[in-house]
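Participant: Mind having a look at this structure? Questions to follow.
The values are calculated or read from the model by the stated rules, or taken from the named source; none is laboratory data. Because the structure is a prediction, the values reported are computed rather than measured. We place every Cβ from the backbone using ideal geometry, glycine too, and count neighbours over all the protein chains shown. Just so you know, the surface numbers come from the protein's heavy atoms only, side chains and all, with ligands and any DNA or RNA stripped out. Shrake-Rupley method; radii C 1.70, N 1.55, O 1.52, S 1.80 Å.
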Amino acid sequence: MDLHLPTPDSFPAFPYDPPYSIQTDLMRHIYEAIESKKVAIVESPTGTGKTLTLLCSALTWLADEKERARKGKMKAAVGDNSTGAKGWVIEQALDRVRREMEAEEQEYEDRLAMARKREELIRRASKARVLKRKKKNPVESNQSDSDDDKYLPEDQSSPDEDEVHISPALRALMAKVHKNPKSTEEDDMTCTKIYYASRTHSQLSQVLPELAKLKLNKSHDIGVTSYHPEGQDTVSRKRKASESEGDNSTSSCHTTRTVALGSRKQLCINDDLRARVKDIDEACREMLGEKEDRRCQFLPPMGEEEKMLDFRDMVLASREDFATPKDIEDLAAAGRDAETCPYFGARKAIPQAQQLVTLPYNLLLQASAREALGIDLKDQIVLIDEAHNLIPTLLSLSTHRVTSNTLITSLNQVYAYVSRFKTKLLPANMLQLKRLVVFLEALKKYTEAWRTARSKEKEKTEVVTVLQLMDRLDKKASGINLLEVDAYLKRSKIARKISGYADKQADKNPDQKKTSRKGAIAPLSMVEDFMVCLTNTNEDGRVTFTLSGSPGQEEVELKYQLLNPSPNFMSVVEEARTVVLAGGTMSPISDVVNQLFSHLPPERVTSFSCGHIIPEDNLQTLVIGKGPGGGELQFKAERQNDPAVIAQVGQVLLNFSNVIPAGMIVFFPSYKFLNAVKAAWSQSGLIEKLAARKQVFYEPENSNEVDKVLQEYAEWAKKVCFSNSVGSKVNGRLQPSEGKKSGAMMLAVIGAKLSEGLNFADDLARGVIIVGLPFANLGSPELRERLKYVKALEAKRGTPRASGQKDAAAELYENMCMNAVNQSIGRAIRHRNDWASLLLLDCRYSSPSIRNKLPKWIGNRIVVTESFGQAVKSMSSFFRDKRAH
């Protein structure tokens, strides 16, 4: 019998019956990808139920996988019946296996119950110890030598005499056994689960309410499979029976174990610490190394984990309303009630989460973060939502900066530390610190020489490879094994020790106290991150030197950046069973494949692009290549300061404001262009004419002003005003004046604060206008280097190119532009009954290569207008029809 899971035709767990056909198609695609262990890239526009379909398809597969495991056991028990055993013999054998499986499941439940009893005994024993514990006398702090000992490296203790004669290999094995003792029964209770990642906590907060909507069938989670060698597929029969009988036996989400992981910034409940430190992550790490009286009061003392075990169970339990598991806010609140750290409590709950773990990008994508959390992706399901941000995030996570001032500070702190503790440090520690000093001195010396040379030149930036930089250091420094030094820094936690000692010395000196960095990232830690990057000797990385500041006070910034996002993501893809990248706008999908999955066989990568659930006539998409005067509309960077071009844009928007009802959003390719437009229109009086038709708003420069501006915009977008007075200013805002006025106009920037993650539904965006194409500035040395790299990589791989096809660099450059455009487009059309007009204002949008990189649900509806008059006529007809309905 084939144990391959057939892709289901329907998904009873989906909460809305029937689902849209595109939702069923998407769920089938994801289910098949998980079963076949493929990488899937899916594009599902906002409003199509993307989160629900992702969860439903993956959880359905998880349930079916559990059924498959049971069937596999039963099949193994009876074999292929080659001996011709009688039916009653087979039935008896199956019955025996059934009883064994029932016993196994009961044993599993008993193990859970016993684990809870053991935890209770641990708690009681601990409380008894607490009652007998004597109070310690306060430690006197007048002995500076004793106080300073806490700044010694973590591995400072001398080895036992017996251990000196043990081989390094045996010592490593012993350390591994000591670190990972035989797991307890409750630790073994792990299973395949879904890791659901998104970019922000606000996006993740939307996942758990969607999970609560699913109708999870109890028969998937409990009971024993019925199986017969000649019977039909159990999973299909059970699903069909559930559908035909209208099985409403569902398990609420509180019966599943789900964990929401967050950052310290979201979960730290130590208000005193948060109020006085610059970096909560670094401050928390510092407190973890403190003695009992200085440890965080929300962490249980060493060896007394009963309180944390209690809180782990609270994490796994649902909220009081039994509707959804605890989200980040719930965890923080529960932590305060229990006076227990929710950050570490959530981490402790990961192994026992049976179905779902939600977490932000950085915790999933960084190997060091996964290791710290104890996350093993082997054969797990990874769902990455909002995946259009994945490539920029991967590149950002691999970028590390250090300034010449930080380098000098680190070196001076190491000097002071070695001077103070040289008589107490073990020879092995002194050896590594001397190597560190040699490297820092060499890097400082070269940086100062580079600054002196560049201060006399016009070009203040240089990009080099890692090998080029290492060759420019002196021979002694370039010969140091940085991997060995980095391993020592991590093992000894010396960066934090050195910084802590420096802070203590600064606190003693009133003149230096103001420069204390208490609670901030240790300077040496930033240098350490940069050093780790220099261990990558491949061609994927670059180091950029940049000189900034006034003459005599110049500072050099050293920045390492990875040009290829694939290597850091490769470990996730290779370990996980399936990786699904999902987003509202993933186009162009070919760009995602080329940048992340070029190393995989083509048959292992699959893609799916949903149509939209809206009716065809709810979206109008026009390419407008000519202005009111018949002139060509093309907004290249070199033309964006042309007064005639700026006036032309104004006339176009003035015409559109007469046609588009309610709210309209205008996206410009850059702040520079938007600011030029604002200045010119204010001087010419055109801005007053626009304000006579719609209330005009601008995207705020400060993030903390966004909510206020959006609230005011929303209020005006839904207004219709009648007035015959002349336009005037009230509280600094242009007020509508003569004639019939309607709504508001928001002038924003592609790729900025308003182009992603915001919901401009219904009257907030009846028109979305994209002015020009936001091509990145080729003056950036980093961008030029990346384009040069991908072009060389294409040549190295010998990738065939079709006639007339752009090279890899040109394709990447164009794809970066269209990714940004697609995100701005996605602000409108947020649900099935929504409708809007999308206006692409530049003749270059008529190019097939550009149009093919728009999302399919948009590209299929696109119309290239022949004249501006035709565009206005089409728009008038579209909005007239919508008003009639």
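Participant: Rounded, prolate or oblate: which fits segment 1-42, taking a ≥ b ≥ c as square roots of the Cα gyration tensor eigenvalues, rounded meaning a/c under 1.5, else prolate when a/b beats b/c?
Facilitator: Oblate.
Participant: For Thr799, what accessible area in Å² do you get when you roll a 1.4 Å probe over the heavy atoms of the protein chains, rounding to the nearest 10?
Facilitator: Estimated to the nearest 10 Å², Thr799 gives 70 Å².
Participant: Something else: With a Förster radius of 51 Å, plug the Cβ-Cβ distance of Ala714 and Asp95 into 1/(1 + (r/R0)^6) and report the FRET value to the nearest 0.05.
Facilitator: Using R0 = 51 Å, I get an efficiency of 0.20.
Participant: Where a ≥ b ≥ c are the square roots of the eigenvalues of the C-alpha gyration tensor, would you call segment 500-645 rounded, which needs a/c under 1.5, or, failing that, prolate if a/b is larger than b/c, or oblate?
Facilitator: Taking the square roots of the gyration eigenvalues as a ≥ b ≥ c, segment 500-645 is oblate.
Participant: Also, I was wondering about something else. If I model a spin label at Arg294 and Ser847 as a point 7 Å from the Cα along the Cα→Cβ vector, what separation in nanometres do I get?
Facilitator: Placing both labels 7 Å beyond Cα along the Cβ direction yields 6.1 nm.
Participant: Provide the packing ranking of 829-838, 94-103, i.e. peptides ordered by the mean count of other C-beta atoms within 10 Å per residue, highest first.
Facilitator: 829-838, 94-103
Participant: With a 1.4 Å probe and all protein chains left in place, how much accessible area per residue does segment 552-668 have, in Å²?
Facilitator: 34 Å²
Participant: Taking the solvent-accessible surface of protein heavy atoms with a 1.4 Å probe, what is the per residue accessible area of segment 384-517 in Å²?
Facilitator: Counting only protein heavy atoms, the per-residue value for segment 384-517 is 50 Å².
Participant: Would you please put 378-385, 546-553 in order of how densely packed they are, using the mean number of other Cβ atoms within 10 angstrom per residue and starting with the highest?
Facilitator: 378-385, 546-553
Participant: I would also like to ask the following. So if each residue of separation counts as 0.36 nm, and I subtract the Cα-Cα distance between Glu339 and Asn702, what length gain in nm does that give?
Facilitator: 127.1 nm
Participant: Leaving ligands, DNA and RNA out of it, report the carbon-plus-sulfur percent of the accessible area of segment 738-841 at a 1.4 Å probe.
Facilitator: After summing per-atom areas, the C and S share lands at 50 percent.
Participant: Keeping the other protein chains in place, figure out the carbon and sulfur percent of the accessible area of segment 382-515, with a 1.4 Å probe.
Facilitator: For segment 382-515, the apolar C and S fraction of the accessible surface comes to 52 percent.
Participant: Sorted by accessible area with a 1.4 angstrom probe, largest first, how do Trp88, Trp716, Trp450 fall?
Facilitator: Largest accessible area first, the list is Trp88, Trp716, Trp450.
Participant: So, one more: At a probe size of 1.4 Å, how large is the accessible area of Val39, to the nearest 10 Å²?
Facilitator: 0 Å²
Participant: Further question: Amide H of Leu773: which non-local residues (sequence gap of 5 or more, or other chain) have their own amide H closer than 5 Å, using H built in the peptide plane?
Facilitator: Those qualifying (amide H under 5 Å, at least 5 residues apart or on another chain) are Phe635.
Participant: Let me check something: with ligands and nucleic acids excluded, how do Glu457, Glu699 order by accessible area (1.4 Å probe), largest to smallest?
Facilitator: Glu457, Glu699
Participant: For segment 362-410, state the semi-axes of the equivalent ellipsoid (square roots of 5 times the eigenvalues of the alpha-carbon gyration tensor), sorted largest first and rounded to whole angstrom.
Facilitator: One finds semi-axes of 29, 16, 6 Å for segment 362-410.
Participant: Given the options Val749, Ala765, Ala802, identify the residue whose Cα lies farthest towards the positive end of the charge dipole of segment 741-852 (+1 on Cβ of Lys, Arg; -1 on Cβ of Asp, Glu).
Facilitator: Ala802
Participant: If you put +1 on each Lys and Arg Cβ and -1 on each Asp and Glu Cβ, how big is the dipole of segment 796-885 around its Cα centre, in Debye rounded to 20?
Facilitator: Here segment 796-885 has a charge dipole of around 280 debye.
Participant: Would you tally the net charge around Gly584, using a Cβ to Cβ cut-off of less than 13 Å, leaving Gly584 out, and scoring K and R as +1, D and E as -1?
Facilitator: Every neighbour counted, the sum reads +1.
Participant: Now for a separate question. Considering only protein heavy atoms, with the full assembly of protein chains and a 1.4 angstrom probe, order Arg491, Arg420 by accessible area, largest first.
Facilitator: Ranking Arg491, Arg420 by accessible area, largest first, yields Arg491, Arg420.
Participant: Can I ask one more? Quick check on segment 363-477: take the gyration tensor over C-alpha atoms, sort the square-rooted eigenvalues as a ≥ b ≥ c, and tell me if it's rounded (a/c under 1.5), prolate or oblate.
Facilitator: Here segment 363-477 falls in the oblate category.
Participant: In addition: Heavy-atom accessible area of Arg294 with all protein chains present, probe 1.4 Å, nearest 10 Å²?
Facilitator: Number for this one is 110 Å².
Participant: Going by average Cβ neighbours within 10 Å, how do the peptides 396-405, 618-627 rank, with the highest at the top?
Facilitator: So the order, starting with the most tightly packed, is 618-627, 396-405.
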